[in-house]
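Since the structure comes first, as structure tokens, the remarks are kept for the end.
What follows draws every value from the coordinates through simple rules; no lab data is involved. Bear in mind the structure is a predicted one, so any value in this text is a computation, not a measurement. In this analysis, Cβ positions are derived from the backbone assuming ideal geometry, glycine residues included, and neighbour counts consider all displayed protein chains.
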Amino acid sequence: MRSYMLVALAALPCLVPALLSAQGTGPARVDSPFRPPVQFTDEAPAPQIPADVTNDRRVARNYPDQPPVIPHNIRDYQVSLNNNQCLTCHSRKYVEGSQAPMISITHYIDRDGQTLGAVAPRRYFCTQCHVPQTTAQPLVPNTFQDVDSLITRPSDGGDRK
Amino acid sequence: MKLKLPEYILSPWRTISSPSRYLSLGFLTLGGFAAGVMFWGGFNTALEATNTEAFCISCHEMESNVYEELKQTIHFTNRSGVRATCPDCHVPHEWTDKIARKMQASKEVWGKIFGTINTRDKFVAMRRELAEHEWARLKANNSLECRNCHSPESMDITKQGARAARAHEEFLFTGQRTCIDCHKGIAHQLPNMEGVPPGWSDAASGKDAAHSSKASLAHWLAETEDSGPAAQAR
């Protein structure tokens, strides 16, 4: 009997704040940048699906290792066990005719560091890394700084605050 | 020497070749006309009934394989809501061609009866062969079924992407290639395409590479890339 009371006593500091917060005004407001500022019980209208960017203009990479984004429509381009339709333009064999950028040589290197004669299996599924873009605006402000702007920044003389 | 025909041939012939004994000429001509209308109407109705998507996908081979694949593509779902059904692409619209295709289709009835592709595995294993039949058919009739809806005359290439516009100008308008040469696998999944070069490439044309239009296409694309606004901005 006494042990039950001890357990209840131990749980009391946890229970009290929970009870207090539950007495607040209705359901909690979710202030997340990924959600519109509405109660989570309300059903907000879905935002419009943004348009695809299909202007065929190459987009600068934000950092040197970034997989380049796809500036054209890729609807129904089949990448399957049978064939890879991206490679009908971007493979080494066909870039002369298509004038598409060739997949880089890194795509020929398998996970053991061996350079193969063709695309390594781990690089076969293009859209795992390369994706088309839409005109959607960023949901959250982005403080990313390009490496060029970092290395050209005046030195703070080691005085980091 | 006189050949003696058996009686079972001669007696029907005598009936057909002799004048009618009881029926009037009017009944025979008008009745024959009416019967002809009914027969022809019935024939055409049956033909039309076999020329619908509902008929095609009444076989599970078609419904669970090719129809499922079609549903993903732009020929089934798109912004304008116009869609192609099976016979739009696979059966010619002109009567004579249609009848010829329907006679060919008796092979498909054979395949259905003997279960040539009655499982997914069998279908996938035969996909290349089946696809090649369709490629060959569309190549031979200059992509007739595509052109029932898509005509080069109505194609406004200024509304197309630069690459598409140039390729159509180079290959389609000059008649060098036909739709199916480049647009394979637009409505169904592709088979293993090993040994099938892209339609715009030299290998597909069978011509020598030096004097090919592809060289000029490549040249043009390279030129625009160098002088485009993106290149200047860089």
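How long are the three semi-axes of the equivalent ellipsoid of region B:96-188, in whole Å, if each is the root of 5 times an eigenvalue of the C-alpha gyration tensor, listed from largest down? Intermediate results must be reported in sequence, preceding the final value.
Working: eigenvalues 205, 53, 20 Å².
Ellipsoid half-lengths, sorted descending, are 32, 16, 10 Å.
Would you mind classifying region A:99-142 by shape? Square roots of the alpha carbon gyration tensor eigenvalues, ordered a ≥ b ≥ c; an a/c under 1.5 is rounded, otherwise it is prolate if a/b is larger than b/c and oblate if not. Write out the running numbers ahead of the final one.
Working: a/c = 3.41, a/b = 2.22, b/c = 1.53.
Prolate.
Apply the Karplus parameterisation 6.51 cos²θ - 1.76 cosθ + 1.60, with θ equal to phi minus 60°, to every residue of region A:62-77 and state each ³J(HN,Hα) to the nearest whole Hz, in sequence, with x for glycine and proline.
Each residue's phi maps through the Karplus curve to give 6, 8, x, 8, 5, x, x, 7, 8, x, 9, 5, 10, 4, 6, 6 Hz.
Quick one: angle between helix B:95-104 and the longest Cα principal axis of chain B, in degrees between 0 and 90, rounded to 10, please.
For B:95-104 against chain B, the angle is about 90 degrees.
Determine the shielding of peptide A:90-99 by partner chains: average, over its residues, the number of Cβ atoms on other chains within 10 angstrom of each Cβ. Spell out each step's value before the answer.
Details: counts 0, 1, 0, 4, 6, 1, 7, 14, 9, 11.
The per-residue average across the peptide is 5.
Pick from B:GLY115, B:GLY32, B:GLY41: which residue has the top mean-square fluctuation in a GNM of chain B where Cα pairs under 10 Å get a spring?
Checking each option, the largest mean-square fluctuation is seen for B:GLY32.
Using a Gaussian network model of chain B with C-alpha springs under 10 Å, which one of B:LYS184, B:LYS122, B:LYS102 is most mobile by mean-square fluctuation?
B:LYS122
I want the local charge near B:HIS75. Using Cβ-Cβ distances under 15 Å, sum +1 for each Lys or Arg and -1 for each Asp or Glu among the other residues. Intermediate results must be reported in sequence, preceding the final value.
Values: positive: A:ARG75, B:LYS71, B:ARG79, B:ARG83, B:ARG147, B:LYS184; negative: A:ASP76, B:GLU53, B:GLU68, B:GLU69, B:ASP88, B:GLU134, B:GLU145.
With Lys, Arg at +1 and Asp, Glu at -1, the neighbours total -1.
Based on the Cβ-Cβ distance of B:ASN192 and B:ALA140, what FRET efficiency does E = 1/(1 + (r/R0)^6) give at R0 = 30 Å, to the nearest 0.05?
That gives a FRET efficiency of 0.85.
If you take each beta carbon of peptide A:66-73 and count the beta carbons of other chains within 10 angstrom, what is the mean? Working shown, then result.
Details: counts 0, 0, 0, 0, 0, 1, 3, 2.
Per-residue shielding by partner chains comes out at 1.
Write down the Å³ per residue value for the convex hull defined by the alpha carbon atoms of chain B. Display every interim value, and only then the final one.
On the way: hull volume 64.0 nm³, N = 234.
Measuring per residue, one finds 273 Å³ for the Cα hull of chain B.
What fraction, in whole percent, of alpha-carbon pairs in region B:40-141 exceed 23 Å separation?
Value for region B:40-141: 31 percent of Cα pairs lie more than 23 Å apart.
Taking Rh as the Kirkwood radius computed over C-alpha pairs, what is the Stokes-Einstein D of region A:73-135 at 10 °C in a medium of viscosity 1.306 mPa s, expressed in µm² per second? Walk me through the numbers before you get to the answer.
On the way: Rh = 12.6 Å.
Calculated translational D: 126 µm²/s.
Shielding of B:153-162 by partners, i.e. mean partner chain Cβ atoms within 10 Å per residue? If you can, show how the numbers build up before the last one.
Numbers: counts 0, 0, 0, 0, 0, 0, 0, 0, 5, 2.
Per-residue shielding by partner chains comes out at 1.
Whole angstrom only: what separates the Cα centroid of region A:87-123 from the Cα centroid of region B:122-164?
28
Given q = 0.20 Å⁻¹, what are the Debye log10 I(q)/I(0) values for region B:1-66, with equal point scatterers placed on the Cα positions and solvent ignored?
After summing over all Cα pairs, the log10 values are -0.90.
What is the distance, in nm, between label points placed 7 Å from the Cα along the Cα-to-Cβ direction at B:PHE55 and at A:GLN128?
Rounded to a tenth, the inter-label distance reads 4.6 nm.
Pull the list of chain B cysteines that no other Cys approaches to under 4.7 Å, Cβ to Cβ.
B:CYS59, B:CYS89, B:CYS149, B:CYS182
Let me know the shape class of region A:27-161, please: from the alpha-carbon gyration tensor, a ≥ b ≥ c as square roots of the eigenvalues, rounded when a/c is under 1.5, otherwise prolate if a/b is greater than b/c, or oblate.
Oblate is the answer for region A:27-161, as a/c is 1.5 or above yet b/c matches or exceeds a/b.
Amide H neighbours of A:ILE109 under 5 Å, at least 5 residues apart or on other chains, H built in the peptide plane: list them.
So A:ILE109 has HN proximity to A:LEU116, A:ALA120.
Tell me the label-point distance for the pair A:VAL147, B:SER151, using the 7 Å Cα-to-Cβ offset, in nm and rounded to one decimal.
Reported label-point gap for A:VAL147 and B:SER151 is 5.6 nm.
Rounded to the nearest 0.05, what FRET efficiency do A:LEU139 and B:THR96 have when you use their Cβ-Cβ distance and R0 = 56 Å? Walk me through the numbers before you get to the answer.
Details: r = 60 Å, r/R0 = 1.07.
Efficiency at R0 = 56 Å is approximately 0.40.
Just to check I understand the Karplus step: with θ = phi - 60° and J = 6.51 cos²θ - 1.76 cosθ + 1.60, what whole-Hz values come out for region A:111-119, glycine and proline as x?
5, 8, x, 8, 7, 9, x, 8, 4
Are there GluC sites (Glu not before Pro) in region B:64-109 that DSSP marks as loop and that have at most 16 other Cβ atoms within 10 Å, and which are they? Mind dumping the intermediate values first?
Values: sites: B:GLU68, B:GLU69, B:GLU94, B:GLU108; in loops: B:GLU94.
When the GluC sites (Glu not before Pro) of region B:64-109 are filtered for loop state and at most 16 Cβ neighbours within 10 Å, B:GLU94 remain.
To the nearest 500 deg cm²/dmol, what mean residue ellipticity at 222 nm is calculated for chain B from DSSP H runs of n ≥ 4 alone, each contributing -39,500 (n - 2.57), summed and divided by the residues?
Helix contribution divided over all residues of chain B: -15000 deg cm²/dmol.
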